[in-house]
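J.: Before I ask anything, let me first share the structure, which is written out below as structure tokens.
A short reminder: the numbers here are calculations on the coordinates, not readings from a lab. Computed from a predicted structure; not experimentally measured. Every residue, glycine among them, receives a Cβ derived from its backbone with ideal geometry; neighbour counts consider all protein chains shown.
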Amino acid sequence: MTEAIHVTSEIGALKRVIIHRPDGELENLMPDYMERLLFDDIPYLPAIQKEHDVFADELRKAGAEVLYLRDLMIEVLRDQNQRTAFCKEFLRRYYAFEHDIFQEVLSYLTQQTPEGVFKAVTSGILKKDIRTIKKTHLADMLGTTYPFYVDPMTNLYFTRDSQSVIGNTVSINAMDQRARSCEPFLMETVFQKHPSFSSKVERLWMNRDHGHSIEGGDILVLSAEVLAIGVSARTSPQGIEHLASALFNEHPTVKKVIAIELPKSRAFMHLDTVFTMVDHDMFTIHPLILGPRGDINVFVMSPEGNGEITIKRETDLKGTLCKLLGVSNIAFIPCGGGDHITAAREQWSDGANTFALAPGKVMTYERNATTNRLLREAGLDVVEIPDSELSRGRGGPRCMTFPILRDDVTC
């Protein structure tokens, strides 16, 4: 790799991307714990893997190098010292075990191969897998039925959320939900320990350190100078302001951060579930995030020059984007065509969660027929992928991708 990471636009031609092929973590998803693990349904693993393989092949056809999170992690974990340190920190950071249970789970983990460690921390560690732990604590004696010592990372195939590349820097994000709290540690490990990245990342922002949630599905890199971030069910205003301050002070290429206030609901959990960039002057949008006059609360954040931030409230999203992106007009393509029923159905199956492969070329789920037709009518090249199982996780093509290298965009 020459340039390891570089993203200054949502739409620059995709050159390198990290994804995760769904695996054993979904086999440990069960009805009693779906809400806890943030699922509404149980995907069928062989089918979802086939769909994901089609997705990966389309990324390659578009000219991208596809890297798998599993492969990157295993390459790091082949070093025995790295493997032991990873296991200790993983358990210490995310699981409040009694000392004796901690030692037994750690012993179980460190005896695994690199492949076994990755499988254990992502697919989960069942209590029945470690027979040496005796029932000496009250919680064990009461016979609690929860089957895991370590939870499965069922949402891991949505690689977008736990980190974000902004320019030549990486934000390691702070997840809002307990079920996803471990995910950022995997990419943090890759960026700190993998030889392809450890010396090539300009800056690693550890957003978990300040305690305010911010997730990658809410972060849109509109240009080298402008970010849009959703104030959503998963990303807090404090998390946005903290990242904006860090960028303004230490990554001065970024001049503006637009905070877009979203309704707080599972259907609108991230900005990219209702609003994505598909070309220089074109966005998909779920019309229900706009008020009756097409208004929405937009807060434009700018650096003051003395370490402070000024925040100006606007309500005209289209006008704000035109001004900050330097274009004369912005086209909004409504998810589902604006029809109340179709829009709700297609947004639920991520019709607005388009992923740009290049300017004017996007990837979508095939089931969102109305939105896909409108994208084509607007002149876009649309690559559809099968999604009968992928869409059960409530995330679309953008959610499933973590782009780390894109071409710069020239107007």
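J.: Would you mind checking the radius of gyration and Dmax of the chain based on alpha-carbon positions, in Å?
T.: Using the Cα atoms of the chain, the pair Rg, Dmax is 21.3, 69 Å.
J.: Once both axes come from the Cα atoms, what is the angle between helix 99-110 and the longest principal axis of the chain, in degrees from 0 to 90, rounded to 10?
T.: 80 degrees
J.: For Thr145 and Lys50 in the same chain, what is the full-extension length gain: residue separation times 0.36 nm, less their Cα-Cα distance, in nm?
T.: Full-extension gain reported as 30.9 nm.
J.: Is the stretch 1-114 rounded, prolate or oblate when judged by the Cα gyration tensor, a ≥ b ≥ c being the square roots of its eigenvalues, rounded requiring a/c under 1.5 and prolate requiring a/b larger than b/c?
T.: Values: a/c = 2.30, a/b = 1.37, b/c = 1.68.
It is oblate, given that a/c is not under 1.5 and a/b is not larger than b/c.
J.: Report the Stokes-Einstein translational diffusion coefficient (µm² s⁻¹, integer) for the stretch 301-411, Rh taken as the Kirkwood radius over Cα pairs, at 25 °C with viscosity 0.890 mPa s.
T.: Answer from the Stokes-Einstein relation: 152 µm²/s.
J.: To the nearest 500 deg cm²/dmol, what mean residue ellipticity at 222 nm is calculated for the chain from DSSP H runs of n ≥ 4 alone, each contributing -39,500 (n - 2.57), summed and divided by the residues?
T.: Rounded to the nearest 500, it is -9000 deg cm²/dmol.
J.: Counting Lys and Arg as +1 and Asp and Glu as -1, what is the net charge of the other residues whose Cβ lies under 11 Å from the Cβ of Thr169?
T.: Around Thr169, the surrounding residues sum to -1.
J.: Please give the helix 183-193 orientation as an angle from the longest Cα principal axis of the chain, in degrees from 0 to 90, rounded to the nearest 10.
T.: Rounded to the nearest ten degrees, it is 90.
J.: If you don't mind, another one. Leaving out same-chain residues fewer than 8 places away, which aspartates and glutamates sit with a Cα under 14 Å from that of Lys312?
T.: Those aspartates and glutamates meeting the cut-off are Glu241, Glu261, Glu304.
J.: Ok, one more. Take the residue pairs Lys61/Lys119; Lys200/Lys255; Lys119/Lys200; Lys50/Lys256; Lys15/Lys255 and return only those whose Cα atoms are more than 31 Å apart.
T.: Over 31 Å apart, Cα to Cα: Lys50/Lys256.
J.: Could you give the length gained by full extension between Arg313 and Lys255, i.e. 0.36 nm per residue of separation minus their alpha carbon distance, to one decimal place?
T.: 19.2 nm
J.: For the stretch 212-279 and the stretch 1-60, write down the distance between their C-alpha centroids in whole Å.
T.: So the two Cα centres are separated by 21 Å.
J.: Using modelled amide H (1.01 Å from N, peptide plane; none on Pro or chain starts), what sits under 5 Å from the amide H of Arg16, excluding residues fewer than 5 places away?
T.: Close amide H contacts, sequence-distant or interchain: Glu65, Ile404, Leu405.
J.: Still on this structure, please answer the following. Leaving out same-chain residues fewer than 8 places away, which aspartates and glutamates sit with a Cα under 15 Å from that of Lys264?
T.: Asp176, Glu215, Asp218, Asp272
J.: Averaging sequence separations of C-alpha pairs under 8 Å and six or more residues apart, then dividing by the length of the chain, give the relative contact order as a whole percent.
T.: Values: 833 pairs, mean separation 92.0, N = 411.
Once divided by the residue count of the chain, the mean separation gives 22 percent.
J.: What does the highest-first list of 172-182, 103-113, 224-234 look like by mean Cβ count within 10 Å?
T.: Averaged packing, sorted descending, gives the order 224-234, 172-182, 103-113.
J.: Hey, how many Å between the Cα centroid of the stretch 375-411 and the Cα centroid of the stretch 289-318?
T.: One Cα centre to the other: 27 Å.
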